[in-house]
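See structure below.
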Amino acid sequence: MARIKVVYVISRIDYALGFDWVDKYLDKSKFDLHFIFLNPITPKLHSDLISRGTKSFFIKFNSKRDYIKVSFKLMKLFFKIKPDVVHLHLIDACLTAMPIAFLMGIKKRIYTRHHSTYHFDYFPHAVKYDKLINALSTSIIAISKNVENVLINRELADAGKVQIIHHGFELNKFLQTNNDDVFKLKTKYNPANKSPVIGVISRFTEWKGVQYIIPAFKKILNDYPDAFIILANAQGDMETELFQQLSQFNSNQFCTVKFEKDLYSLYQLFDVFVHVPIDEHSEAFGQTYVEALAAGIPCVFTLSGIATEFIKDRENAIVVDYKNADEIYEGIRFVLNDPDLKKKLITNGRNDVIKQFDIVKMINSLEVLYAS
């Protein structure tokens with residue numbers, strides 16, 4: 001029986017574990033998997049895939065001005081590969097590849113919706129593009145109930161096309177870290193071995209809520225003068241404002257990290273992890289909710305994206321109100337001052353994500369969708 005040809009088209013991604021895992025776990029006896037990356041420079045993931053024999057292509061893409069050129073290159077590749085399924089990720093991949101796949105009559109046109117209300121909140125003119133992609137697709141993967149709600153109730157997408165498939169993770173790797181790798185990162189990011197360490201992995205953009213974590217950390221320093229905060233993924237449209245906030249601290253009290261590939265080891269540097277988006281809709285999913293709990297780190301969260309579906313206050317995390325630095329501060333203190341609560345949060349958090357977000361569960365759902 002011929003294998004089903006599946007083509008992933010992904011835009012503006014240098015490296016993402018999720019796609020690496022798809023390549024690793026998808027049943028290659030049934031599916032012939034190809035990747036096409038649209039990016040300004042050759043993505044690291046593309047190079048990694050090529051090195052292990054996966055079929056991967058790179059099309060240089062800088063801006064919307066490249067749409068027509070990129071679309072013709074995609075058409076050429078589709079003619080060459082003759083895919084049974086195209087699976088698209090992120091807006092530029094959808095806007096270039098979806099119309100081509102539709103015009104070429106590719107029967108299964110799937111896209112994973114990675115944003116929630118972002119366009120409604122910040123770029124209302126772009127909602128029409130979301131609706132166009134919805135119309136041209138044959139299946140839409142909603143990564144959370146939040147996204148499903150936006151698709152069906154706000155964009156009026158065909159409910160019959162929408163299917164929830166949660167992100168899956170290689171969960172054991174978040175605990176089975178190498179001590180030497182952890183030590184290398186500690187030496188790099190916290191060489192003075194300060195503690196307690198508050199961890200943040202959030203882009204520097206308004207809806208992530210980092211602007212409320214920084215004043216909470218300032219209060220933590222009053223209680224724990226040797227405290228330290230690591231802010232990873234520290235880039236975005238609020239860099240100027242957030243670095244201005246950080247300027248009140250001594251350089252040995254914080255560390256900013258633009259990119260760290262070894263997330264498994266990075267989480268092990270944290271005593272408390274904080275993720276506080278500003279409302280329940282901002283996160284489409286929020287992978288860091290799952291990663292931090294899988295890593296066995298006690299967490300302080302606001303409820304957004306996937307967290308609204310399974311996070312329970314003082315059961316598997318501390319839940320705080322949106323845009324509230326005082327509650328973030330109190331939540332961190334609860335974790336640091338109550339060893340029994342900390343142990344409970346770690347145990348329950350890890351058990352809960354194992355039940356719901358294992359990589360095999362996601363891959364099985366994708367395989368059923370591709371073969372249906």
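Read-outs: derived from the displayed coordinates by stated rules, not from any lab. Model, not experiment: these values are computed from the prediction. All Cβ positions, even for glycine, are placed from backbone atoms using ideal geometry, and neighbour counts span all protein chains on display.
A few comments on the model shown:
- Cα-Cα separations in segment 163-287 greater than 16 Å, expressed as whole percent: 64
- In summary, the lysines within cross-link reach of Lys355, defined as a Cα separation below 22 angstrom excluding same-chain residues under 8 places away, comprise Lys24, Lys145, Lys173, Lys312, Lys342, Lys343, Lys344.
- In the chain, the DSSP-assigned H stretches of four residues or longer account for a calculated mean residue ellipticity at 222 nm of -12500 deg cm²/dmol, using -39500 (n - 2.57) per stretch and the full residue count as denominator.
- When only alpha carbons are used to place a centre, segment 333-372 and segment 96-137 end up 29 Å from one another.
- Within a Gaussian network of the chain (alpha carbon springs, distance under 10 Å), most fluctuating of Gln244, Gln253, Gln211: Gln244
- For the chain, the longest principal axis of the Cα atoms and the long axis of helix 210-223 meet at an angle of about 20 degrees.
- For Val70, Val127, order by how many other beta-carbon atoms lie within 10 Å, fewest first: Val127, Val70
- Peptides 41-52, 191-202 ordered by average Cβ neighbours within 10 Å, highest first: 191-202, 41-52
- Gaussian network model of the chain, Cα within-10 Å springs - most flexible of Thr187, Thr308, Thr54: Thr187
- Formal net charge of residues neighbouring Trp207 (Cβ-Cβ distance under 11 Å; K, R +1; D, E -1): -2
- Count Lys and Arg as plus one, Asp and Glu as minus one, and take only other residues whose Cβ is under 13 Å from that of Ala216; the net charge is then -1.
- Summed residue charge, Cβ within 11 Å of Asn62's Cβ, Lys/Arg positive, Asp/Glu negative: +3
- Proxy reagent accessibility, fewest Cβ within 10 Å first, across Ser11, Ser71: Ser71, Ser11
- Degrees separating the helix 359-371 axis from the principal Cα axis of the chain, which is the longest one: 20
- Neighbour-count order for Leu17, Leu231, fewest beta carbons within 10 angstrom listed first: Leu17, Leu231
- Using the Cβ-Cβ distance between Lys188 and Met1 with R0 = 41 Å, the FRET efficiency computed as 1/(1 + (r/R0)^6) comes to roughly 0.25.
- Stokes-Einstein, applied to the Kirkwood radius of segment 249-372 over Cα pairs at a viscosity of 0.890 mPa s and 25 °C, places its translational diffusion at 157 µm² s⁻¹.
- Against the rule of thumb 2.2 N^0.38 Å, how large the Cα Rg of the chain comes out: 1.02
- Comparing Asp14, Asp66, Asp158 in a Gaussian network model of the chain (Cα springs below 10 Å), the most mobile by mean-square fluctuation is Asp66.
- Cα long-axis angle, helix 67-81 against the chain (0 to 90 degrees, to the nearest 10): 70
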